[in-house]
Amino acid sequence: MTKQERVAVGQRLRQQRNRLNLTREQFAELADIGAGYYGQIEVGTSQMSIDTLIKVSRASHLSMEYILFGPEGTEAGDATSLQALLSGCTPRELRLAEKVLQLFLLRGDRQND
């Protein structure tokens, strides 16, 4: 992975961490990794192992594909992007998402996109 790619990964993680209103320390604790190490990942000076990528993916609710490759790596509107969103959900969040989706699909006035 090039330095530029590591920096891009860090930027995507930082953006999501900020969306979640978490400090680096809080996010690192949530992901069960060291705060200093997570800071190095965010600025692009360290690479992640697969194990760390999995932890960061779960904690950030981002797919591993998105973390590594960004939006170019995932097509909006396909089933895999939906699966990626759902993969980091708790059982309770999954039940709520299913109910929302059912309500959406049951609407009779849907337009074909």
Kyte-Doolittle mean at least -1.0 and Cα axial length at least 20 Å: DSSP H helices in the chain: 91-106
Share of carbon and sulfur in the accessible heavy-atom surface of the chain [1.4 Å probe, %]: 54 percent
With DNA, RNA and ligands ignored, accessible area of Ile54 (1.4 Å probe; Å², nearest 10): 50 Å²
About the Cα centre, charge dipole magnitude for the chain (Lys/Arg +1, Asp/Glu -1 at Cβ), debye: 280 debye
Heavy-atom accessible area per residue - the chain, 1.4 Å, Å²: 70 Å²
GNM top mover of Leu101, Leu13, Leu53 - the chain, alpha-carbon springs below 10 Å: Leu101
Arg19-Asp51 pseudo-label distance in nm [points 7 Å out on the Cα-to-Cβ vector]: 2.8 nm
Residue-averaged 222 nm ellipticity for the chain, from DSSP H runs of 4+ at -39500 (n - 2.57), nearest 500: -20500 deg cm²/dmol
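The values are calculated or read from the model by the stated rules, or taken from the named source; none is laboratory data. Keep in mind that what you see is a predicted model, and the values were worked out from it rather than measured. When we count neighbours, we look across all protein chains shown, and the Cβ atoms used for this are built from the backbone with ideal geometry, even at glycine. For accessibility, only protein heavy atoms count, side chains too; no ligands or nucleic acids. Shrake-Rupley method; radii C 1.70, N 1.55, O 1.52, S 1.80 Å.
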